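What follows is a single structure, written as structure tokens, with notes after it.
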Amino acid sequence: MPGPLTGIKIIELVGIGPCPFAAMMLADMGAEVIRIDRKPRPGAETPFPSLGTKYDVMARGRRSLALDLKHPEAREVVLKLTEQADILLEGFRPGVMERLGLGPDACHARNPRLVYGRITGWGQTGPLSQAAGHDLNYIALSGMLHAMGRADTPPTPLLNLVGDFGGGAMMLAFGVVCAALEARNSGKGQVVDAAMSDGSALLGAMLYGLRAHGSWLDARGANMLDGGAPFYDTYACRDGKFLALGAIEPQFYARLLALTGATDPDFGKQWNQGRWPELKAKFATLFATRTRDEWCALLEGSDACVAPVLDMAEAPRHAHNRARGAFVDIDGVTQPAPAPRFSRTVPEAGAAPATPGQHSAEVLADWGWPPEAIEKLKTFQVI
């Protein structure tokens, strides 16, 4: 793969959620990422039925080495791999890797330049560090969940994008690349402690600034960006499909009114917050007069800031997404393409996800294990 991280070698201790997503991002950019999978156990159940199949999109682009980490020889395999690696990624509860004999101290003893990336919900320290949790819990603690939802309703459970992937995986990927760049100058590795609760709070930096200024209310559905404003919301169309309206700036709002033929003088009171509920009702009535696609034929691509709300079947077919190559097909599975874009070191989506252990012998051979050592590991069921 010709991406900008070509030449970087990464060991991924496989978990679920943000750690695989971070590893996918790094592999998409050209890094060689070796997945250390758990040895498959007959009858093992998972709430994620796509894991280990071609539908496990976050596992794309990597080879898989399956190890029984309870076996001392397996731990030695991991330690030897770290001697050649630039980065290690793990997403277990604090203390798990240390109990396996694979904590930062053990790995840095083998490779002082190693960047040791850790992703957890609450972080490696603090009173909640040992508690279980999920995305919803982490964004609750960050203050972000309280801000999401309609007025006079409980906070809305969201897709796990803010905590797991935005506040977690992306912060981990950013952190380990930062540390790897620093290690080139210092010759020293370090531990990157990425917490989903920390990252979720950071994603809210602008909102915390607005709140301190007095421009953001703690009440849900009362602000410009949380569905309180009539010009920043979604509206149902005649066919039951939806439009996303984001005409914030006065010139864009004026263009919206001109293109829709909204001549009611009340529409001119864009920033009168006391009139927002009334204006929302008027926009709802207006957009219900045509189908979503009829409105898009009139508004999409203009400065009215209107887009269709697409489902996951429609999004890959949209003309803009097709032109950008925003989605790719890997082994019959449509999925998002690598992002962002690069002008020279253009990344490509990697191979289909590997089954656990698919490349065990191949990986070890490529990383310097002699054939007799590999056969020994097979004999003792380490791999």
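Here are the numbers:
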read-out	value
Residue list for segment 209-227, restricted to those being part of a helix (DSSP H, G or I) and surrounded by 14 or more Cβ atoms within 10 Å (Cβ to Cβ)	L210, R211
Hits in segment 369-383 - residues which are within 20 Å of D37 (Cβ to Cβ) and either assigned to a loop (DSSP other than H, G, I, E, B) or of a type in the set (V, I, T) (or both)	W369, I374, T379, F380, Q381, V382, I383
Failed item, numbered, when A132 is tested on (1) touching a residue at least 60 places away in the same chain (Cβ under 8 Å); (2) farther than 20 Å from K9 by Cβ	(1)
The one condition in (1) at pLDDT 95 or above; (2) of a type outside the set (A, V, I, L, M); (3) under 17 Å from I11 (Cα atoms) that D68 fails to fulfil	(1)
Conditions (1) over 29 Å from T153 (Cβ atoms); (2) in contact with a strand residue (DSSP E or B) (Cβ under 9 Å, 6 or more places away or on another chain); number of the one not met by A254	(2)
Helices (runs of 4 or more DSSP H) (entirely within segment 83-184) containing at least 1 residues that are modelled with pLDDT of 95 or more and under 27 Å from L364 (Cα atoms)	96-99, 104-110
Considering residues of segment 1-19 that are more than 18 Å from T82 (Cα to Cα) and under 14 Å from the mean Cα position of the chain (by Cα) only, the residue modelled with the highest pLDDT	P18
Enumeration of residues in segment 329-341 that are within 19 Å of the chain's Cα centre (by Cα), part of a loop (DSSP other than H, G, I, E, B) and not aliphatic (A, V, I, L, M)	P338, P340, R341
Subset tally (residues that are over 16 Å from K282 (Cβ atoms) and surrounded by 16 or more Cβ atoms within 10 Å (Cβ to Cβ)) for segment 228-241	1
Index of the failed condition, G350 passing every other in (1) surrounded by fewer than 17 Cβ atoms within 10 Å (Cβ to Cβ); (2) in contact (Cβ under 8 Å) with a residue 40 or more places away in the chain; (3) on the phi < 0 side of the Ramachandran plot; (4) assigned by TED's automatic domain parsing to the domain that holds M170	(1)
Any hit, segment 357-368, residues being out of contact with any His (no Cβ under 6 Å at 6 or more places or on another chain), on the phi > 0 side of the Ramachandran plot and in a loop (DSSP other than H, G, I, E, B)	yes
Filter result for L51 (in a loop (DSSP other than H, G, I, E, B), in contact with a Lys or Arg (Cβ under 9 Å, 6 or more places away or on another chain) and either modelled with pLDDT under 95 or surrounded by fewer than 24 Cβ atoms within 10 Å (Cβ to Cβ) (or both))	no
Failed condition for S197, given (1) farther than 30 Å from H108 by Cα; (2) part of a helix (DSSP H, G or I)	(1)
Any hit, segment 90-97, residues being touching a helix residue (DSSP H, G or I) at 6+ places or on another chain (Cβ under 7 Å), crowded, with 18+ Cβ neighbours inside 10 Å and not polar (S, T, N, Q)	yes
Tally, over segment 297-319, of residues that are surrounded by 16 or more Cβ atoms within 10 Å (Cβ to Cβ), assigned to a loop (DSSP other than H, G, I, E, B) and of a type outside the set (D, E)	4
Every pair of residues 6+ apart whose Cβ atoms lie under 6 Å, when the first sits in segment 245-262 and is charged (D, E, K, R) while the second is not in a helix (DSSP H, G or I)	R255/D303; R255/A304
D193 closer than 30 Å to R113 by Cβ and of a type in the set (D, E, K, R)	yes
Lone qualifier among R322, R344 - being on the phi < 0 side of the Ramachandran plot and part of a loop (DSSP other than H, G, I, E, B)	R344
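The values are calculated or read from the model by the stated rules, or taken from the named source; none is laboratory data. Keep in mind the model is a prediction, meaning the values are calculated, not measured. No Cβ is skipped: glycine too gets one built from the backbone with ideal geometry, and neighbour counts run over all protein chains shown.
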